[in-house]
Amino acid sequence: MDPEIAVYEALAKEILRRCLAETPVTELYGWLAESLKRLGGGTQDGNAAMTWAESFVFTDQMLERFRMQAGLPPNERKELTWPWASWNKYMDKLQPGFLATITAPDGQGKSTYVESVAEHWARGQHNVVYVHFELNRQVMMLRRLARHTSIEPRQIRGWDLTPEQESQIRQIRPLLESWDGHITYVHTPDWNMERTIAELRRLNAEGLCDVVVVDYLEKAAASKRQIQLFGSNLYAREADNVELLKSFAETAEVPVVMVAQMSKAGKSASFNTMDRTGMRGAGEKSEKANLVVMLRREHENGAYSPIVKVLIDKQTMGPTASFEQIMRPAYFQVADLAV
């Protein structure tokens with residue numbers, strides 16, 4: 001049998017096997033979409049090869065896009081810049097198809113960072129999909145209110161507010177509704193990555209997904225396919241999830257920011273010795289990522305310091321670097337240090 005035909009025959013058998021196993025439709029769709037993308041060579045039009053001559057046409061078209069983009073007023077460029085001057089100083093704008101990883105030990109503010117990034121992009125005309133595996137909707141909205149009012153969530157939840165604070169809260173809705181973009185919050189407890197990516201593809205097809213934030217990768221459940229392939233090998237399943245995310249990012253030309261956990265060794269490393277190999281199951285998370293940002297807050301006097309040490313440990317389109325910021329954990333806010 002022709003080897004290429006054999007591949008499709010194997011795919012057909014796998015489809016039948018999954019149907020007989022009563023695989024959930026959303027999981028089946030996600031797996032099939034990724035399988036077909038891989039068979040098509042990982043490109044949207046099925047043409048993976050670009051000749052030498054075609055490369056010059058491609059480059060000319062690329063440069064023309066850059067020229068036209070640069071000629072637009074800043075508020076019309078729709079560029080994925082970062083919320084802080086320090087990040088923009090050292091990091092390039094996030095590009096279509098890129099995978100960025102933000103990692104830190106437990107409790108150091110990873111979610112605060114990506115929430116801030118998502119809101120910055122929504123303010124800048126982008127439609128963001130925020131996939132949250134862990135925090136429920138009430139927690140997400142309380143954190144958002146705290147960030148924009150500087151009122152602690154426990155005060156809001158207990159309605160222990162002054163008239164001025166109540167007024168502040170009322171003013172937040174019209175402020176956020178005035179943004180040119182928006183965030184779609186997708187709460188995914190017990191979802192696997194295949195089901196998650198099927199939802200991302202649906203939102204992307206509806207024009208609601210310019211960029212994705214996944215908070216956080218390790219909370220994704222294992223699919224039946226992953227259990228069959230990898231059994232109890234947690235790192236292999238997480239590596240497969242990274243591969244699925246990267247494949248989605250590249251084929252849909254949608255950048256993805258994912259939050260990743262650190263290993264036991266990575267958590268105990270000092271800022272001067274930490275690097276991306278300290279991520280849990282670091283191989284795929286590091287290799288597939290175009291950008292790896294690491295965060296560290298030192299433990300001082302029974303609490304974490306408000307000073308955040310930031311390390312850009314990998315960047316496809318720029319240098320590595322390190323610098324410091326300040327966090328207000330009670331309000332889920334991050335800012336640059338005054339210089």
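Considering only the stretch 147-184, how many residues are without any contact (Cβ under 8 Å) to a residue 40 or more places away in the chain, assigned to a loop (DSSP other than H, G, I, E, B) and under 30 Å from L80 (Cβ atoms)?
1
Among what's in the stretch 192-243 and is under 28 Å from L16 (Cα atoms) and among the β-branched types (V, I, T), pick the residue that is surrounded by the most Cβ atoms within 10 Å (Cβ to Cβ).
I197
Is it the case that the stretch 81-99 has a residue that's in a loop (DSSP other than H, G, I, E, B), hydroxyl-bearing (S, T, Y) and over 18 Å from Q333 (Cβ atoms)?
yes
Rundown of residues vs (1) at pLDDT 70 or above; (2) open to solvent by less than 90 Å² (accessible area, probe 1.4 Å); (3) in contact with a Leu (Cβ under 7 Å, 6 or more places away or on another chain), yes/no style:
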position: D2; (1), (2), (3): no, yes, no
position: A10; (1), (2), (3): yes, yes, no
position: R17; (1), (2), (3): yes, yes, no
position: W31; (1), (2), (3): yes, yes, no
position: E34; (1), (2), (3): no, yes, yes
position: G46; (1), (2), (3): no, yes, no
position: T51; (1), (2), (3): yes, yes, no
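Among the residues that make up the stretch 234-255, is at least one of them β-branched (V, I, T) and in a loop (DSSP other than H, G, I, E, B)?
yes
If I filter the stretch 314-336 for residues that are of a type in the set (F, W, Y), open to solvent by less than 60 Å² (accessible area, probe 1.4 Å) and farther than 29 Å from E152 by Cα, do I get at least one hit?
Checked against the condition, which is being of a type in the set (F, W, Y), open to solvent by less than 60 Å² (accessible area, probe 1.4 Å) and farther than 29 Å from E152 by Cα, the stretch 314-336 yields no hits at all.
Among the residues that make up the stretch 277-300, is at least one of them open to solvent by 60 Å² or more (accessible area, probe 1.4 Å), assigned to a strand (DSSP E or B), within 21 Å of P105 (Cα to Cα) and not hydrophobic (A, V, I, L, M, F, W, C)?
Yes, because at least one residue in the stretch 277-300 is open to solvent by 60 Å² or more (accessible area, probe 1.4 Å), assigned to a strand (DSSP E or B), within 21 Å of P105 (Cα to Cα) and not hydrophobic (A, V, I, L, M, F, W, C).
Just for the stretch 56-101: of the residues that are closer than 22 Å to D336 by Cβ and of a type in the set (V, I, T), which one is least open to solvent (accessible area, probe 1.4 Å)?
T101
Go through the stretch 318-329 and count every residue that is outside any strand (DSSP E or B) and either of a type outside the set (G, A, S) or modelled with pLDDT of 95 or more (or both).
Selection size over the stretch 318-329: 3.
Name the single residue that is least open to solvent (accessible area, probe 1.4 Å) among those in the stretch 122-143 being in a helix (DSSP H, G or I) and touching a residue at least 60 places away in the same chain (Cβ under 8 Å).
Per the criteria, the residue is A122.
The values are calculated or read from the model by the stated rules, or taken from the named source; none is laboratory data. Source: prediction; values computed, not measured. Glycine also receives a Cβ, built like all others from the backbone with ideal geometry; neighbour counts cover every protein chain displayed. Protein only, heavy atoms only, side chains kept; ligands, DNA and RNA dropped before computing areas. Shrake-Rupley method; radii C 1.70, N 1.55, O 1.52, S 1.80 Å.
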